[in-house]
Amino acid sequence: MSSSSSNQVAKAKKVKKALQPEWLKSLLKRTFFESSCATHPVLKNELNQYCVTCTELICQNCASGPKHVLHKVITIYKHSYKAVVRIDAMREHIDCSQIQPYKSNKLSVIALEPLPHHGSVKWRRASSCKTCRRKLANPNLYRYCSISCKVQAVLKKSDHSVPPFILLKEDQKEEAGTSKRVNKRKGTPARAPFF
């Protein structure tokens, strides 16, 4: 293999690594709700939290403990016996556009992996997920049924400058940060003199 082709392969691997960060890769490989926390052996203390900083499964007690208190933690929920996350929580980390949301206990969630089929299996290919071909509730708004389907589609793309992308663009992060109050309130308060 020539040095230019090996450089291209290395560059392609670097691009793919940048498109799918290690914490996301680890999150999609994990299985939740199958065991209890070994550190906190309390009844029904499931491993239903994921620490983005440490890339590990934790329980609610671990999340509030000193090790993870300042870390970014995502809570995992169940919907149709599959792991889902709140869409608001994932929007802080990845671009969730084009992923179909679901309602679970009044929460708007997105699935980590494709959810099981419901109803008839006869539908048009145009109204299904672009990766796994599962039926979408609203194919005009959404192209993927889960985060893993979007990640697979992004990794297969040759041009990563156009949607869909999985990581937030730098300008999107800056726009999200500017929503906070920029102008400070009045200066140091001055009390009226007492006469």
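Among the residues of the range 34-66, which ones are part of a loop (DSSP other than H, G, I, E, B) and among the aliphatic types (A, V, I, L, M)?
Listed by number, the residues that qualify are A38, V42, L43, L47, V52.
Are there any pairs with C-beta distances below 6 angstrom linking a residue in the range 37-56 that is farther than 15 Å from P21 by Cα and at pLDDT 85 or above to a residue that is open to solvent by less than 30 Å² (accessible area, probe 1.4 Å) and part of a strand (DSSP E or B), with the two at least 6 apart or on different chains, and if so which?
Taking only residues 6 or more apart or on different chains, the pairs are N48/I76; Q49/I58.
Can you tell me which residue in the range 1-32 is modelled with the highest pLDDT, limited to those that are surrounded by fewer than 15 Cβ atoms within 10 Å (Cβ to Cβ), assigned to a loop (DSSP other than H, G, I, E, B) and not β-branched (V, I, T)? Quick ask: steps written out before the conclusion?
Within the range 1-32, the subset surrounded by fewer than 15 Cβ atoms within 10 Å (Cβ to Cβ) is 1-18, 22, 25, 29, 31.
Narrowing the set further to residues that are assigned to a loop (DSSP other than H, G, I, E, B) leaves 1-2, 31.
Checking the rest, the ones that are also not β-branched (V, I, T) come to 1-2.
Numbers: M1: 52, S2: 59.
Residue satisfying both the conditions and the ranking: S2.
Residues checked against (1) surrounded by fewer than 16 Cβ atoms within 10 Å (Cβ to Cβ); (2) over 17 Å from K150 (Cβ atoms); (3) in contact (Cβ under 8 Å) with a residue 60 or more places away in the chain:
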| residue | (1), (2), (3) |
| --- | --- |
| N61 | yes, yes, no |
| S64 | yes, yes, no |
| H71 | yes, yes, no |
| H79 | no, yes, no |
| K82 | no, no, no |
| I94 | no, no, yes |
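The values are calculated or read from the model by the stated rules, or taken from the named source; none is laboratory data. This is a predicted model, so every value here is computed, not measured. In this analysis, Cβ positions are derived from the backbone assuming ideal geometry, glycine residues included, and neighbour counts consider all displayed protein chains. What goes into the accessible areas is simple: the full protein's heavy atoms, side chains included, and nothing from ligands, DNA or RNA. Shrake-Rupley method; radii C 1.70, N 1.55, O 1.52, S 1.80 Å.
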